[in-house]
Amino acid sequence: MKKITSFLIILLVATGCNLEEINENPNVPTDVPLNTLLPPAQKALADAQGGRIFRYTGIFGQHLIGIDNQELLIENYQPDEFFVDNPWSDIYLNSLVILNLIISRSETSSPHYAGVARILTAHGLGMIADIWGDTPFTQAFQGDSIQHPAYNSQEQIYTIIQQLLARGIEDLQLEESVFSPGSDDLIYGGNRQSWIKAARVLQARHHLRILKRNPNAAGDALAALNEGAFASVADDLAYPYLGSGMDTNPVYGFFENTPNTSIDPQFVALTQGLSDPRYTHITRVIPFSGGRRRPGDYYASAGAPLRLVSYIEQEFIKAECLYRTGEQTGASQTLEAVVTLHMNEVSAGAITSEQIQTYIDAQMQFTADANNDLRIIMTQKWIAMLTTPEAWADWRRTAWPVLTPNPNGATDANPTGEIPRRLIYPQSERLRNNNFPAPGPTMQDRFWWDID
């Protein structure tokens, strides 16, 4: 199965890297069985999140500092639009095009496959919308019939995401399905209830993301979780890397081969300023680097799973939503429990209960000042979401924690020099899609959910 997965990914990469090429020549073998299509789609989505998306959003969210090459350009808020093609196609070409094929081939007879593909599509589409804003979707993947797909607004995309998740849950709740995922489902082994739980957490994430647009967002997110979400870290939607050969965690692979980033001094200063006992566990020294640090083994060992959405994220979502809906005691209890869990997880139990309690007493006491209490929740989540795009998204949504823009950040792409609110579109879209928005937005042009 791993060899088949590698073969399909090589085939897909060889077809090209932009939406026009996908539309003109999808070039995905349409007669390949569903159980052969699912593994490369899952791996490609994990590789995309743990690849350039991890590095770009990590730099924007102040988890990472760019040292050299493309990462240095991102550090200076001056991305090369040619190289921005890479993370765009990592999601579109290597994952969404396959997932779309799975849905089209399975929705009438094998809804269990369609349900899984819809949930994964919702996750990939959410990353695109949170990084670029408006994006082609409903007219994408249409072959020669639509060679210049129109852009769906981010508002439309968020509606589509919730529709995909709801339909995915419905598909998986059906008893009859000619074919159902089994061992080819490298994440959950075909366990439909696990996929439904993951969909509930993704619903909550995307409800909360539009908090500035929907005053009921926190309540909607809690309602989704209350329908039946993760019960423990064992439920995480996480891609399991073998840890050897070509199948290693992409964050690990990057630092082993081209460590052009390291942990941002702002992350170091904030965690050490809090006397956070996690610091030496969630980061570790890059050899022969003069003391620069990288994400630790919990996030980035060779065989570390790539968590697309996790129980720990869910519990931070719950803590924030409880606070915003007036359940301050429940929010405090949930926050203390998830920070305790995170400390135990990242340290494999090496952080003592006494250290944890000392930290909670010193840094996590609510004061009935909503501004301060939300700062506490979001700062703790920002620390725990290392290596995920969630930290940058949450900072744009809440402005916590307080972060300082990188120096030299005033560029044509980022005219104010402030921390970017979005990434520029790739060159291929500007040159080849007649529906490309003109003029193209800068990285300070706020999109739909990121309003003042």
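Side notes on the structure shown:
- The criterion of at least 2 residues that are of a type outside the set (Phe, Trp, Tyr) and farther than 18 Å from Pro305 by Cα is met by the following helices (runs of 4 or more DSSP H) wholly inside the stretch 150-263: 154-173, 192-209, 217-226.
- When residues of the stretch 103-121 are limited to those that are open to solvent by 10 Å² or more (accessible area, probe 1.4 Å), part of a loop (DSSP other than H, G, I, E, B) and among the hydroxyl-bearing types (Ser, Thr, Tyr), the one farthest from Pro426 (Cα to Cα): Ser109
- All of (1) open to solvent by 10 Å² or more (accessible area, probe 1.4 Å); (2) touching a strand residue (DSSP E or B) at 6+ places or on another chain (Cβ under 8 Å) hold for Val309 with one exception: (1).
- Filter result (assigned to a loop (DSSP other than H, G, I, E, B) and touching a Leu at 6+ places or on another chain (Cβ under 7 Å)) within the stretch 57-102: Gln62, His63, Pro79, Asp80, Val84
- Complete set of residues in the stretch 132-155 that are surrounded by fewer than 23 Cβ atoms within 10 Å (Cβ to Cβ) and among the β-branched types (Val, Ile, Thr): Thr138, Ile146
- Just one of (1) in contact (Cβ under 8 Å) with a residue 24 or more places away in the chain; (2) more than 27 Å from Gly330 (Cβ to Cβ) fails for Gly273. It is (1).
- Filter result for Ala302 (more than 18 Å from the chain's Cα centre (by Cα), surrounded by fewer than 19 Cβ atoms within 10 Å (Cβ to Cβ) and in a helix (DSSP H, G or I)): no
- Among the residues making up the stretch 188-202, a single one is open to solvent by 40 Å² or more (accessible area, probe 1.4 Å) and touching an Asp or Glu at 6+ places or on another chain (Cβ under 7 Å): Lys197.
- Filtered residue count, the stretch 72-123, keeping only those that are closer than 24 Å to Ala413 by Cβ and out of contact with any Lys or Arg (no Cβ under 6 Å at 6 or more places or on another chain): 20
- The condition of being in contact (Cβ under 8 Å) with a residue 24 or more places away in the chain and either assigned to a helix (DSSP H, G or I) or of a type outside the set (D, E, K, R) (or both) holds for only one of Thr404, Thr358, that being Thr404.
- Which numbered condition Arg205 misses (of (1) open to solvent by less than 20 Å² (accessible area, probe 1.4 Å); (2) under 17 Å from the mean Cα position of the chain (by Cα); (3) farther than 25 Å from Trp448 by Cα): (3)
- The stretch 324-334: number of residues that are in contact (Cβ under 8 Å) with a residue 12 or more places away in the chain and buried (at least 16 other Cβ atoms within 10 Å of the Cβ): 4
Okay, residues lined up against (1) within 17 Å of Thr36 (Cα to Cα); (2) hydroxyl-bearing (Ser, Thr, Tyr); (3) open to solvent by less than 20 Å² (accessible area, probe 1.4 Å); (4) at pLDDT below 95:
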{"site": "Ser95", "(1), (2), (3), (4)": "yes, yes, yes, no"}
{"site": "Met127", "(1), (2), (3), (4)": "no, no, yes, no"}
{"site": "Ile157", "(1), (2), (3), (4)": "no, no, yes, no"}
{"site": "Phe179", "(1), (2), (3), (4)": "yes, no, no, no"}
{"site": "Leu186", "(1), (2), (3), (4)": "yes, no, no, no"}
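- Among the residues here, Ala337 qualifies as aliphatic (A, V, I, L, M), more than 30 Å from Glu418 (Cβ to Cβ), part of a helix (DSSP H, G or I) and open to solvent by 20 Å² or more (accessible area, probe 1.4 Å).
- Just so you know, in the stretch 401-452 the residues that are β-branched (Val, Ile, Thr) and open to solvent by less than 40 Å² (accessible area, probe 1.4 Å) include one that is nearest to Asp80 (Cα to Cα), and it is Ile424.
- Residue pairs whose Cβ atoms lie under 6 Å apart, separated by 6 or more positions or on different chains, with the first residue in the stretch 306-318 and within 14 Å of Ala199 (Cβ to Cβ) and the second assigned to a strand (DSSP E or B), are Leu308/Leu237; Val309/Leu237.
- Within the stretch 262-305, the residues that satisfy the criterion of being on the phi > 0 side of the Ramachandran plot and modelled with pLDDT under 95 are Phe288, Gly290, Gly291.
- For Thr248, the test of being open to solvent by 20 Å² or more (accessible area, probe 1.4 Å) and of a type in the set (Ser, Thr, Tyr) is passed.
- Test for Met343: is it touching a residue at least 24 places away in the same chain (Cβ under 8 Å), under 29 Å from Leu423 (Cβ atoms) and in contact with a helix residue (DSSP H, G or I) (Cβ under 6 Å, 6 or more places away or on another chain): no
- Out of Pro277, Pro265, Pro287, sole residue that is of a type outside the set (Asp, Glu), in contact with a helix residue (DSSP H, G or I) (Cβ under 6 Å, 6 or more places away or on another chain), surrounded by fewer than 22 Cβ atoms within 10 Å (Cβ to Cβ) and farther than 22 Å from Leu125 by Cα: Pro277
- Of the residues examined, Val97 is not one that is farther than 24 Å from Ser428 by Cβ and of a type in the set (Val, Ile, Thr).
- All conditions in (1) in a loop (DSSP other than H, G, I, E, B); (2) under 18 Å from Asn372 (Cα atoms) hold for Ile317, with the sole exception of (1).
The values are calculated or read from the model by the stated rules, or taken from the named source; none is laboratory data. Here the structure is a predicted model, which is why all the values come from computation and not from measurement. All Cβ positions, glycine included, derive from the backbone under ideal geometry; neighbour counts span all protein chains shown. Surface areas here come from the heavy atoms of the whole protein model, side chains and all, with no ligands, DNA or RNA. Shrake-Rupley method; radii C 1.70, N 1.55, O 1.52, S 1.80 Å.
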